[in-house]
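Here's the structure we're looking at; comments come further down.
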Amino acid sequence: MLSLSNLRWRLRIILREIWVRVTAFGVLGILTALSSAWFGHMIPDEFGLKMGADSVEPILTIMATAMLTVTTFSLQIMITAFGSAQTSATPRAIKLMQTDRITQNVLASFIGSFVFALVGLIALQTQIYGASGRFLLLVVTIGVVAIVVVSLLRWVQHLSEFGRLGDVISRVEDSAANALKNRSADPYLGAQPWEAPPTGVWPVKSRRTGNVQHVDISQLQEIAQAHDCRIWLCAPPGNFVHPAADLVVCDGLPVDAQTRTQMEEAILDSFAVDHARDFEQDPQFGLIALAEIASRALSPAVNDPGTGIDILGRLTRVLASWDPAAEFALRHDRVYARSIPPEQLIEDAFSAIARDGAGLFEVALRLQVVLGALAKMAPEQFAKPAAQEALRAALQSEAALPLAENRARISAAAAALAQDVGVSRPA
């Protein structure tokens, strides 16, 4: 049985889908068109005749034709933008573009207007409107036209940036920064800081192969309370799991097989496992997606070191927000979870760029600069991991850069950072 927290998460995922808004606007269009017939009885027919209610039919005809054309054209633009983002940035960013609210609202308003006009025309032909109903339909139609005009203006403005490389990078950066800030404020997801489980614990293994998108810690807490045990979270959001991987381990073995089966089912219901990772609870995924964009830009086919340098600056800005709270809310005292190690964040953000940009002096030098900046901005978190990554990157540049002077500058920058931090070699 799904908990309230899990239901909220699933509902939030559903509400981000474009079909939800399109369906809602379409239903609203039907109700608006039909309600004019009912509310029209409140207005005298003579008033409707005087106000030119008969002019509503040609307006609705024009609206239905125009909205069908505009909707088809807008869908083509949206698909083209998705394809452009996939080839120029990373396929992982498509999900962020699909949940863009402006795009969803504009398309939903176009389709809702088309449905409204179509239903209005059908109702007019079946003569369910009186003169007063047609007048009320005319008033509503004018309001719908105003909404369509505003939507068109927003859509034109939005298309100037939508799907461009800079727009995609900004979306990924914002998602990564939000996820990292949320995790920094709650580093253990409301659970106890990790401690080694005792001997004799029993595991609950995944039944699916994929990535953990969401973990309902509150439901794990309820299970632990109900069975008077403790639970160690082995697969936090972002982890790749399979039938041989432990999701959790528990220190209280149920006395009978039936109770254990029920407990395992409840624990499995606390995990959402899918083939793709999700940005919301997985800050590492955002860093990896940004690094993928940089790697594509640094490939010989694209050869765009400027984008790689831009991504390095954005990664530094995102990681600067990582400062796990020393005091955090302990909401689930029977569950134990790990925080994200700083060295893992550094690896996710910079290892691919260090590999693919090793032969480009300007990229390799900027990598040394940003690693040094992180070491100075957050010495407790990133000093040693940044210095170790700098030394690894220098070794890669040593093998890839053709000019000895450039190799020497990169090595000197890495050595200086390592000396300041007190690191002698890469981990």
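The values are calculated or read from the model by the stated rules, or taken from the named source; none is laboratory data. Everything numeric here is computed off the predicted structure, so don't read it as measured data. Heads up, the Cβs are rebuilt from the backbone with ideal geometry, glycines too, and the neighbour counts pull from every protein chain shown. In case anyone asks, the SASA skips ligands and DNA or RNA and just uses the protein heavy atoms, side chains included. Shrake-Rupley method; radii C 1.70, N 1.55, O 1.52, S 1.80 Å.
Just the residues that are assigned to a helix (DSSP H, G or I), over 24 Å from Ser151 (Cβ atoms) and of a type outside the set (Lys, Arg), please, taken from the range 82-123. Answer for the range 82-123, where residues must be assigned to a helix (DSSP H, G or I), over 24 Å from Ser151 (Cβ atoms) and of a type outside the set (Lys, Arg): Gln86, Thr87, Ser88, Pro91, Ala93. If the condition is being among the aliphatic types (A, V, I, L, M) and surrounded by 13 or more Cβ atoms within 10 Å (Cβ to Cβ), then the range 11-23 contributes Ile13, Ile18, Val20, Val22. The residue of the range 178-198 that is most open to solvent (accessible area, probe 1.4 Å), among those that are closer than 13 Å to Pro237 by Cβ and among the charged types (D, E, K, R), is Asp186.
Taken together, Ala394, Ala364, Ala383 contain a single residue that is touching a Gly at 6+ places or on another chain (Cβ under 7 Å) and buried (at least 16 other Cβ atoms within 10 Å of the Cβ), which is Ala364.
Pairs meeting the criteria (first residue in the range 352-366 and in contact (Cβ under 8 Å) with a residue 12 or more places away in the chain and more than 12 Å from Leu403 (Cβ to Cβ), second residue among the polar types (S, T, N, Q) and crowded, with 21+ Cβ neighbours inside 10 Å, beta carbons under 6 Å, at least 6 apart or on different chains) are Ala358/Ser397.
Please work out which residue is nearest to Ser397 (Cα to Cα), limiting yourself to the range 416-427 and to residues that are at pLDDT 75 or above and exposed (fewer than 15 other Cβ atoms within 10 Å of the Cβ). By that ranking, first place goes to Ala416.
The sole residue among Leu107, Leu138 that is surrounded by 16 or more Cβ atoms within 10 Å (Cβ to Cβ) and more than 21 Å from Trp19 (Cβ to Cβ) is Leu138.
Scanning the range 321-346 for residues that are acidic (Asp, Glu), under 19 Å from Gln284 (Cβ atoms) and at pLDDT below 90 yields a count of 1.
One residue stands out in the range 163-177 among those that are among the hydrophobic types (A, V, I, L, M, F, W, C) and surrounded by 21 or more Cβ atoms within 10 Å (Cβ to Cβ): the one that is farthest from Thr61 (Cα to Cα), namely Ala176.
Here Leu137, Leu124 are screened, and the one residue that is touching a Phe, Trp or Tyr at 6+ places or on another chain (Cβ under 7 Å) and modelled with pLDDT under 85 is Leu137.
Scanning the range 124-161 for residues that are farther than 30 Å from Ser84 by Cβ and in a loop (DSSP other than H, G, I, E, B) yields Thr126, Gln127, Ile128, Tyr129, Gly130. Within the range 263-294, the residues that satisfy the criterion of being acidic (Asp, Glu) and open to solvent by 10 Å² or more (accessible area, probe 1.4 Å) are Glu264, Glu265, Asp269, Asp274, Glu280, Glu292.
Among the residues of the range 235-251, are any on the phi > 0 side of the Ramachandran plot, open to solvent by less than 50 Å² (accessible area, probe 1.4 Å) and under 27 Å from the mean Cα position of the chain (by Cα)? Yes, some residue in the range 235-251 is on the phi > 0 side of the Ramachandran plot, open to solvent by less than 50 Å² (accessible area, probe 1.4 Å) and under 27 Å from the mean Cα position of the chain (by Cα). Determine which member of the set Ala266, Ala235 is aliphatic (A, V, I, L, M), in a loop (DSSP other than H, G, I, E, B) and in contact (Cβ under 8 Å) with a residue 24 or more places away in the chain. After applying the criteria, what remains is Ala235. Step by step: first the residues of the range 203-232, then only those that are part of a strand (DSSP E or B) and touching a Pro at 6+ places or on another chain (Cβ under 9 Å), then the one that is farthest from Ala320 (Cα to Cα). Which residue is that? It comes out as Lys205. Scanning the range 110-128 for residues that are over 33 Å from the mean Cα position of the chain (by Cα) and either among the hydrophobic types (A, V, I, L, M, F, W, C) or surrounded by 23 or more Cβ atoms within 10 Å (Cβ to Cβ) (or both) yields Ala117, Leu118, Val119, Gly120, Leu121, Ile122, Ala123, Leu124, Ile128. You will find that of Thr69, Thr80, Thr61, the residue that is open to solvent by 60 Å² or more (accessible area, probe 1.4 Å), under 22 Å from the mean Cα position of the chain (by Cα), farther than 22 Å from Ile14 by Cα and not basic (Lys, Arg) is Thr80 and no other.
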